[in-house]
Amino acid sequence: MMNPPSPAPPNDERPAPEATKATPPPSSTATTLPPPSPTSAENLPRRRSIAGFLIKAFEIFSDPKNAQYCGWGPKGDTIVVHDLANFASEVLPSYFKTSNFHSFVRQLNMYGFHKLHQDPRDGEFHHPYFRRGRKDLLFLIFRKNP
């Protein structure tokens, strides 16, 4: 048996008009949205803290006072160490506890940097997210698990 509808409350008990607005019931034939495009910000990793090594490395290669020792490649997509010995003795101790160039290179490798030339006298490295003027991309660089 169906219950008869309850009578409407007196005027002083009726809710305000804003409260009576009902949301439409969910439709069983709801349309689905297309998946986000590959370039959508939703597909990027969630922003996280950036490793101190990456911030310091970015500062080293961006600082004009270090230009005689190191800098960015011509396109801004590589980092170049021009003077390995003086880079190690003059620049590294200002930013890190060590002045060992090979330790610096090991750190670069742990973050996915690749040396462009196998010549040991050459110090040019590349990472797709380490670019001149793009500090905002550093959060995309992850340290490899040992």
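Can you grab the distance from the C-alpha centre of region 116-146 to the C-alpha centre of region 65-110, Å, no decimals?
Measuring centre to centre over Cα atoms gives 12 Å.
Once you have a ≥ b ≥ c as the square roots of the Cα gyration tensor eigenvalues for region 67-146, tell me rounded if a/c is under 1.5, and otherwise prolate or oblate according to whether a/b is larger than b/c. Could you put the intermediate results ahead of the total?
Working: a/c = 1.44, a/b = 1.23, b/c = 1.17.
In terms of gyration-tensor shape, rounded.
Show me the trypsin sites (Lys or Arg not before Pro) within region 50-146 that DSSP assigns to loop and that have at most 15 other Cβ atoms within 10 Å of their Cβ.
Working: sites: Lys56, Lys65, Lys75, Lys97, Arg106, Lys115, Arg121, Arg131, Arg132, Arg134, Lys135, Arg143, Lys144; in loops: Lys75, Lys97, Arg121, Arg131, Arg132, Arg134, Arg143, Lys144.
Sparse-neighbourhood loop trypsin sites (Lys or Arg not before Pro): Lys75, Lys97, Arg121, Arg134, Arg143, Lys144.
Only the coordinates and a few stated rules stand behind these numbers; no lab work does. Predicted, not measured: the structure shown is a model, and the values here were computed from it. Because the Cβ atoms are built from the backbone with ideal geometry, glycine has one as well, and the counts that use them run over all protein chains shown.
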